[in-house]
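S.K.: Just passing along the structure, written as C-alpha cells.
The values are calculated or read from the model by the stated rules, or taken from the named source; none is laboratory data. Quick caveat, the model's predicted, so the values are computed rather than measured. Virtual Cβ from ideal backbone geometry, glycine too; neighbours counted across all protein chains shown.
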Amino acid sequence: MIIIPDTHGLEFWKDAVSKRQDDEKIIFLGDYLDPHEGKISKVAFEKCFDNLCQILEFKKVNEESCILLFGNHELSYIFGWWTTNPHNFCRHFAYKKFLKKEISNFQLMHVVAS
C-alpha cells in the first residue's frame with residue numbers, strides 16, 4: 001500500500017506511484033488544493049489545480065486500486081469555510097463547482113475490514 005499525503009500542487013506522488021508493484025493500493029490523503037508552504041500566487045494556485053486534475057485522471061485509469069480522500073482544504077471549498085483562507089475567495093466558487101462535479105471520485109474516509 002502506498003499512502004500519499006498532502007500534495008498541495010507538488011508532484012512527488014508521480015514518483016511514488018511509478019514504484020508500485022502489481023495492483024498495489026494507493027491512497028491519497030487529501031489536501032490537493034492551495035499552494036504548499038504558503039506560496040500564494042496565481043501561478044501556484046493554477047499548478048495545484050492542474051496537479052489535482054492529473055491525480056483525478058490517474059484515479060480514473062486506476063479505479064480499483066486508487067483511493068482519493070478529501071482533505072480539509074477540499075472540504076473548505078465544498079462547505080464554504082473559505083473565510084479561514086481569505087486569499088481563496090476568488091477561487092472558492094470555481095473549486096466548489098469542480099469538486100462537486102467530481103465528488104464521486106472521492107471518499108471522506110477509507111476503512112479496511114479486518
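S.K.: Evaluate the following for K59: is it of a type outside the set (F, W, Y), modelled with pLDDT of 95 or more and surrounded by 18 or more Cβ atoms within 10 Å (Cβ to Cβ)?
M.R.: Details: of a type outside the set (F, W, Y): yes; modelled with pLDDT of 95 or more: yes; surrounded by 18 or more Cβ atoms within 10 Å (Cβ to Cβ): yes.
Criteria met by K59.
S.K.: Moving on to the next point. Going through region 5-56 one residue at a time, which ones are assigned to a helix (DSSP H, G or I), loosely packed, with under 12 Cβ neighbours inside 10 Å and among the polar types (S, T, N, Q)?
M.R.: If the condition is that a residue be assigned to a helix (DSSP H, G or I), loosely packed, with under 12 Cβ neighbours inside 10 Å and among the polar types (S, T, N, Q), then S18 is the only one that fits.
S.K.: Further, regarding this structure: Tell me, please, whether a residue that is at positive phi and without any contact (Cβ under 8 Å) to a residue 12 or more places away in the chain can be found in region 19-26. It would help to see each step written out before you state the result.
M.R.: In the first step, residues of region 19-26 are kept if they are at positive phi; the result is 22.
Restricting the remaining residues to those that are without any contact (Cβ under 8 Å) to a residue 12 or more places away in the chain gives 22.
Within region 19-26, one or more residues are at positive phi and without any contact (Cβ under 8 Å) to a residue 12 or more places away in the chain.
S.K.: Of all residues being within 16 Å of the chain's Cα centre (by Cα) and small (G, A, S) in region 1-40, which is farthest from V61 (Cα to Cα)? Just the residue, please.
M.R.: Among those residues, the one meeting the criterion is G9.
S.K.: I would also like to ask the following. Would you point out which residue out of K19, K14, K42, K25 is within 23 Å of Y77 (Cα to Cα) and of a type in the set (K, R)?
M.R.: Details: K19 fails: within 23 Å of Y77 (Cα to Cα); K14 fails: within 23 Å of Y77 (Cα to Cα); K25 fails: within 23 Å of Y77 (Cα to Cα).
It is K42.
S.K.: Please specify each residue of region 41-52 satisfying the condition of being of a type outside the set (D, E) and more than 11 Å from the chain's Cα centre (by Cα). Spell out the reasoning first.
M.R.: Within region 41-52, the first condition is being of a type outside the set (D, E), and the residues that meet it are 41-45, 47-49, 51-52.
Across region 41-52, the qualifying residues are S41, K42, V43, A44, F45, K47.
S.K.: Filter region 68-85 down to residues that are over 13 Å from Q107 (Cβ atoms) and not in a helix (DSSP H, G or I) and give me whichever is modelled with the lowest pLDDT.
M.R.: To start, the set of residues in region 68-85 that are over 13 Å from Q107 (Cβ atoms) comprises 72-73, 76-85.
Now narrow it down to the ones that are not in a helix (DSSP H, G or I): 80, 85.
Values: G80: 75, N85: 57.
The selected residue is N85.
S.K.: Let me ask something else about it. Looking only at residues that are farther than 25 Å from M109 by Cβ and of a type outside the set (K, R) in region 23-44, which one is modelled with the lowest pLDDT?
M.R.: Of all residues in region 23-44, those farther than 25 Å from M109 by Cβ come to 35, 37-44.
From what is left, the residues that are of a type outside the set (K, R) are 35, 37-38, 40-41, 43-44.
Values: P35: 82, E37: 67, G38: 61, I40: 73, S41: 79, V43: 84, A44: 84.
The selected residue is G38.
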